[in-house]
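These notes are about the structure you will find just below.
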Amino acid sequence: MGVRGSEWVASAALLLVAALWGLTFPLIRGALASVDPFHFVAARFALAALAFLPWVLASPAPRRGLPAALGPGFALGALACASYLTQTLGLRTVPAGRAAFITGTNVVLVPLLAPLFGRGVPRRIDLAGALLSLVGLLLMTRPEVAGFSAGDLWVLACAFFYALYIHALQQVLARGIDTTALAFSQVAGLCVSSALCLPLAEGPSHFTASAWLAVSFCALLATVGTFWLQTHFQGRTSPERAALLFATEPVFAAFFAALLLGERTTPREGVGAALVFLAVLLVELWPKPAPAG
């Protein structure tokens, strides 16, 4: 497979990651009616780590690569946990639509942070795609125009931490560490980090059958599956393109909310979703500069 074909496969895999994340929204929404968010997150990552471990131990290459992956994997897991935690804290006071839009600003933060990671100035098409995607998210989420609050700052911190995570993962992948071992190490790091956050839980939780179903899906497909896909395929594309593909998450969330919860999508939200996918197509189809020499 040529370089261009490999990039298309990577883009499809990262788009699948965004779709799986989007599917978690209606599932988590139902579970949080009886489960504290911190209990849910801890259960999700504990189950994910337990399910992932036999795969790693049974596979020779990941087992050999585990010692080299544990350090950077735990660091990446802690960074991802900081993103989850700050978003959870923000969602206590910030409406979901506003939080989704602020979280989506990481699509712009990633190219803006590129020079700090030695990647140089981002391409104009990457910046244009990021801004177009942000406009689409604005139309989809309809955040209120009220003044900035402490909750908004928490959610903005979430976007910043995840932008850092995308760049940090890209740098770690350049070391040639086994991707399955690295994905497991990140999940294990998330498991430990989320367990340390349990004292922040505010009340008892009642895990119903539907809540356990949500935990199981989020742990197996939306954690083990997505971390493996992202770790395995993000290195074949750029951080800017990865962030843009992940910006489709609210589009998938709206689709699955309509499918599973019967929520209606307005024409404005439909236009916003179309703009997000248009931004992805523009960046994907835009000719890449020929390598020097």
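No value in this document is a laboratory result; all are computed from the given coordinates. What you are looking at is a predicted structure, and each value in this text was computed from that prediction instead of being measured. Heads up, the Cβs are rebuilt from the backbone with ideal geometry, glycines too, and the neighbour counts pull from every protein chain shown.
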If I model a spin label as a point 7 Å beyond the Cα along the Cα-Cβ vector, how far apart are those points for Ser149 and Ala33 in nm? 2.4
In nm, spacing of pseudo-spin labels at Arg64 and Leu200 (7 Å Cα→C-beta vector): 4.0
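Would you mind classifying the range 152-293 by shape? Square roots of the alpha carbon gyration tensor eigenvalues, ordered a ≥ b ≥ c; an a/c under 1.5 is rounded, otherwise it is prolate if a/b is larger than b/c and oblate if not.
oblate
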Suppose the chain between Ala258 and Leu53 were pulled fully straight at 0.36 nm per residue; how much longer would it get relative to their current alpha carbon spacing? 70.3 nm
Could you check the simple spin-label distance between Arg92 and Leu138, using points 7 Å along Cα→Cβ, in nm with one decimal? 3.1
Which ³J(HN,Hα) values in Hz, rounded to whole numbers, follow from the phi angles of the range 44-59 under the Karplus curve 6.51 cos²θ - 1.76 cosθ + 1.60, where θ = phi - 60° and Gly and Pro get x? 4, 7, 5, 5, 4, 5, 5, 6, 6, 4, x, 4, 5, 5, 7, 9
Taking only C-alpha pairs under 8 Å that are 6+ residues apart, what is the relative contact order of the range 102-211 in percent? 34
Let me know the shape class of the chain, please: from the alpha-carbon gyration tensor, a ≥ b ≥ c as square roots of the eigenvalues, rounded when a/c is under 1.5, otherwise prolate if a/b is greater than b/c, or oblate. oblate
